[in-house]
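This report refers to the structure that appears directly beneath it.
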Amino acid sequence: MGWFQDLFSTDSRPIPGYWGTYLQLFNARVPGSTPIEDLRFVVLDTETTGFDRKKQILSIGAIAVVGGEIVLKDSFEVLLLQENAANSTEAIAVHGITPSESSSGQPIAEVTEGWVQYMGNAILVAHNAQYDIDMLNRLIQGQFKGKLKNKVLDTAELAIRLERYGEDPSTIKRSEYTLDQLCERYDIEMHDRHTAAGDAFITARLLVLLLAKAKKRDISSYSDLKLK
Amino acid sequence: MQPANTIVGRVAEFLKGYPPFDLIPYEELKTLAAAVTITFKEDDTTIFSKGDPPGAHFYVLKTGCVMLHDSDDRLVDQCDEGDIFGVRSMLSGKPYVMRAQVNKEALVYQLPNKVFKPLIERYPTVALYFASGLASGQTVLRKQEQEAILSTDLPEEPLSLNERVTVEGKKKLVSCSSTQTVKEVAMTMSEHGVGSMIVVDDVGAPTGILTDTDLRKNVATGQVAITEPVAVVMNSPVITIPNGLPVFEVILKMIEKGVHHLCITVDGTDQSKAVGVVSERDLLLIHSNDPAVLLKEIKQVKDINRLPALRDKAEKLIKLYLENEVSISYISQIISAINDALIVKAIAYAQAKLKEEDGQVPDTGFCWISLGSEGREEQLLRTDQDNAIIYAQPTKGMEEFTKSYYLKLAEHITQILSNCGFEKCPADMMASNPKWCVSLDEWESYFKGWVMTPEPKALMFSTIFFDYRFIAGDKELVVELDQRLRKMMDKERIFLNHLAKNAILNPPPLSFFKGFVVERSGEHADEFDIKLRAMMPLVDAARVLSLDYGLIEEKNTMKRFEALKSKDEKNAKLYEEAAQAYGILMRIRVLSGLEHKDSGRYVPIDKLSKFDKQRLRNAFEPVHDLQRLLEVKYQLSFFQG
């Protein structure tokens, strides 16, 4: 969905009040010299139905990293109400969320509001982040016209940047940078794998580890992170 | 919005695996977990330094390794997964006294004091955990371990009392009708070899009971003729119980009703069919886990071949006691009493046998002594025999006969003990060795030789023979030996320096890290010799100090430390801790030995629970302190032994 389309769309669905509040958070620019310790990261993961074009979010899990510390109090976990979830058997086998569980989740509008308020203007972090960001945008756009404005940090890319600095990107195998591979390499226990909150927690542990390593390489400020 | 349940649950689950968090109910633990923050620390990062103001939280290590150093920069402890640190400051609210430095990349859980402290107040066991100084780097606070770990009493109800009284289905109840004559019934009883007979009606319900006692009291005395029907002599009504009641309920019923027999019926009333009878004696057999019963059985046994089975029973008893955390000093006393009774029985049997064989007995007495760990009453598992005979000076011309008689006696005794699972000593330190079956004067000259020429072999003998303990025979001989040795110790003080030097040869390690022993030098080893590195140093220290203070009669290590407390008051606290440490070491060794079916000497560190590792580590401190005490007291750094 490009800006051109946005401009001429005739979406008349009402935009909720909280979205305006959310957008205002981005009015002030974050100075590039802001130390990483002063930033709030929200590490997240989503579980979805299948991998086809009509896929839907079933659950969201997230936990914040502030001042280099994972803060359990500042976490988020929700199961979405998806009554007509076209849930494939293969997907159920991965995340273990059954259609009956999906039908007992929280209403989508409520979840979206809760999520937007929780995340605020934090830097969003996920492993292969683009997928999760796309899914969150799709969730929002199912209700009203809007797109996440948060900066995004991909732990897979950060790991590559730290481990393979200056190397020709074509020689780097992405398969060595899966969450499983990295966890094994850095001795991170993989409990509750393939639950949204479980994966978010694992990714958060990977993030604090990578940030500690980054600091040693003088990656210590907001601009050093080179966020998209 | 509630924090993510999956994540909080995961952290709570982790904490639950380690003390003292396992003492906190799970719901509370989740509240604590929800307040946790997690950080990652690179190698060499200092988490806190000595003098830093107290933080808002304390720490639990998730992965990696953190070293704790004291103010003199000595390594105090090495933390691994599940270890807690920064506790002293959390408890006292005072600045840190140690330095915590990351040795290997560490994922550290930070637990806020604000949330944790109310839990300490709410759960006394958690408070006790910290009071006993089990957390890392907290060794300075160690104390009252005994309260936390050793209960001094027996469990109120021995487990055997919970066993159930049941009738074996196959065994048919021997019963009779009330119209049968006394003679008929008595004949049936002796035919089946039973001591009682249930009298039943035509549907098989019990109407009375006839016992041996009734026959003896009423029939044998002529009060009732043997031609009379049993209805005349039987006891009625019969007290009935259902099948499967716990032993203690059955005993209570007997006491309550003042009877020695109960009848088991189908529904427990005397209106249904009788299926069995239970006597007080039956219960005593079930209840034979009672040490007093076992001891009595050993003392009363007629067939010497029954002894091994009885000693096996004692082994089961030890296990039961250990599982129930009965205090180690109580267990070792019981086991010593059982072993002693067994030896006494073996001696009596051997004496009778020799008398039967050739009739001639020396006219001078003897006594049997146990040596080494058995002398110290510290033998929980059966090990090799270490024993000896002291005999009184034979009358002139009887020397040769006396010696050969006692040797023959010892030969029989050691064989019986060997049959009971006490293997013969490979070094032949037994009464059946002509060298260790000698007169009192000869014993004195042995000791004198070791004391005057304390070369390595003499010191080795000293560690075994000075721990002699009277078992049976003429006690005067041991009393006399005690007196002669006390005089010897007063005169030959230099011997104590040699003995002390010998006692500090094997320093204890510092701590454990994962499956390794951490030495004070910081080095690692994967095997832990609990006997050499922790128990023997305590035993040796207790021996040299009690010989020094004239406590010749005291042999047991814990009792020696106990007695030393009043002789050397300024070190009373250390002696107390040393005694407790010894108890803990004994327990860990015997449990390890029972589990791995060996002597328990080499403890597999990786198989120990976190709690046992902490207990063990804390037991090293008094060993270390005691060795320092010996070093100073006997000036061992200047002493060329």
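Calculate how large, on average over all directions, the projected area of the Cα convex hull of the stretch B:5-141 is; give the answer in nm² to one decimal. Seen from a random direction, the Cα hull of the stretch B:5-141 projects 7.3 nm² on average.
Label-to-label distance for residue A:40 and residue B:569 is 6.4 nm, based on points extended 7 Å past Cα in the beta-carbon direction. I need the shape label for chain B. Rule: rounded when a/c is under 1.5, else prolate if a/b > b/c, else oblate, with a, b, c from the alpha carbon gyration tensor. In terms of gyration-tensor shape, oblate.
Comparing the full protein assembly with the isolated chain, the residues of the stretch A:177-223 losing at least 50 square angstrom of accessible surface (1.4 Å probe) are A:192, A:201, A:205. Compared with the dominant Cα axis of chain B, that is its longest principal axis, helix B:182-192 is turned about 40°. About the centre of its Cα atoms, chain B shows a dipole size close to 760 debye [charges on the beta carbon of Lys, Arg (+1) and Asp, Glu (-1) only; nearest 20 debye].
Surface analysis of the stretch B:11-92 yields an accessible area of 36 Å² per residue, using protein heavy atoms and a 1.4 Å probe. Ordered by 1.4 Å accessible area with all protein chains kept, B:589, B:306 run largest first as B:306, B:589. Taking all protein chains as they are arranged and a probe of 1.4 Å, the heavy atoms of residue B:573 leave approximately 120 Å² accessible to solvent. Ranking A:95, B:260, B:596 by solvent-accessible area of protein heavy atoms (1.4 Å probe, all protein chains present), from largest to smallest, gives B:260, B:596, A:95.
For the stretch B:9-52, heavy-atom accessible area (probe 1.4 Å) falls by no less than 40 Å² from the chain alone to the full protein assembly at B:10, B:37, B:38, B:40, B:42.
Placing one equal scatterer on every Cα of the stretch B:163-286 and applying the Debye formula, the log10 ratio I(q)/I(0) at q = 0.21 Å⁻¹ is -1.22.
Note on the stretch B:163-286: Lys pairs 8 or more places apart or on different chains, Cα atoms under 19 Å apart, count 4. Which one of A:103, A:33, A:75 has the biggest mean-square fluctuation once chain A is modelled by GNM with Cα springs under 10 Å? Of the options given, A:33 has the highest mean-square fluctuation. Scaling the Cα radius of gyration of the protein assembly as shown by the globular reference 2.2 N^0.38 Å produces a ratio of 1.34. In the stretch A:52-172, the C-alpha radius of gyration followed by the widest Cα-Cα span (Dmax) gives 16.4, 49 angstrom. What net charge do the residues around residue A:159 carry, taking every other residue with its C-beta under 12 Å from that of residue A:159, with Lys and Arg at +1 and Asp and Glu at -1? Spelling it out: positives minus negatives among the neighbours equals +1. Once you have a ≥ b ≥ c as the square roots of the Cα gyration tensor eigenvalues for the stretch B:313-488, tell me rounded if a/c is under 1.5, and otherwise prolate or oblate according to whether a/b is larger than b/c. Oblate is the answer for the stretch B:313-488, as a/c is 1.5 or above yet b/c matches or exceeds a/b.
Put simply, the Cα atoms of the stretch B:556-641 extend 41, 30, 22 Å along their principal axes, the longest span coming first. Surface composition of the protein assembly as shown: carbon and sulfur atoms hold 52% of the protein heavy-atom accessible area at a 1.4 Å probe. The charge dipole of the stretch B:163-286, taken about its Cα centre with unit charges on the Cβ atoms of Lys, Arg (+1), Asp and Glu (-1) only, comes to about 180 debye.
If you wrap the tightest convex hull around every Cα atom of the stretch B:28-80 and split its volume per residue, you get 107 Å³.
Rounded to the nearest 10 degrees, the inclination of helix B:610-633 to the longest alpha-carbon principal axis of chain B is 70 degrees.
Listed by chain and number, the lysines placed with their C-alpha closer than 20 angstrom to that of residue B:435 are B:403, B:408, B:424, B:448, B:457; residues fewer than eight positions away on the same chain are left out. Other residues with beta-carbon under 10 Å from the beta-carbon of residue B:63 carry, at +1 per Lys or Arg and -1 per Asp or Glu, a net charge of -2.
Placing dummy labels 7 Å off each Cα toward the beta-carbon, the span from residue B:476 to residue B:212 is 4.3 nm.
Evaluated at q = 0.12, 0.18, 0.29 Å⁻¹, a Debye calculation over the C-alpha positions of the stretch B:70-132 (equal weights, vacuum) places log10 I(q)/I(0) at -0.36, -0.81, -1.40.
Which positions within the stretch A:34-74 get 20 Å² or more of their accessible surface covered by the other protein chains, compared to the chain by itself, with a 1.4 angstrom probe? Buried by the other chains: A:69, A:70, A:72, A:73. Structure remark: mean-square fluctuation, Gaussian network model of chain A, C-alpha springs under 10 Å; the largest value among A:58, A:81, A:72 belongs to A:72. Shape of chain A from its Cα gyration tensor (a ≥ b ≥ c, root eigenvalues): rounded if a/c is under 1.5, otherwise prolate when a/b > b/c, or oblate? Oblate, because a/c is 1.5 or more while a/b does not exceed b/c.
So, counting K/R as plus one and D/E as minus one, what does the shell of residues with Cβ under 13 Å around residue B:635 add up to? So the environment of residue B:635 carries a net charge of +3.
Buried accessible surface for the A/B chain pair comes to about 2200 Å², total over both chains, computed with a 1.4 Å probe. A simple rule links phi to the HN-Hα coupling: the Karplus curve 6.51 cos²θ - 1.76 cosθ + 1.60 with θ = phi - 60°, which for the stretch B:14-31 gives 5, 4, 4, x, 10, x, x, 5, 5, 8, 9, x, 4, 4, 5, 5, 5, 4 Hz, with x for Gly and Pro.
Can you compute the FRET efficiency between residue A:128 and residue B:31 using 1/(1 + (r/R0)^6), with r the Cβ-Cβ distance and R0 = 22 Å? Round to the nearest 0.05. The value I calculate is 0.05.
The values are calculated or read from the model by the stated rules, or taken from the named source; none is laboratory data. Computed from a predicted model, the values in this text were never measured in an experiment. Using ideal geometry, Cβ is built from the backbone for each residue, glycine included, and neighbour counts are taken over all protein chains shown. Please note that ligands, DNA and RNA were not included when accessible areas were found on the heavy atoms of the full protein model with its side chains. Shrake-Rupley method; radii C 1.70, N 1.55, O 1.52, S 1.80 Å.
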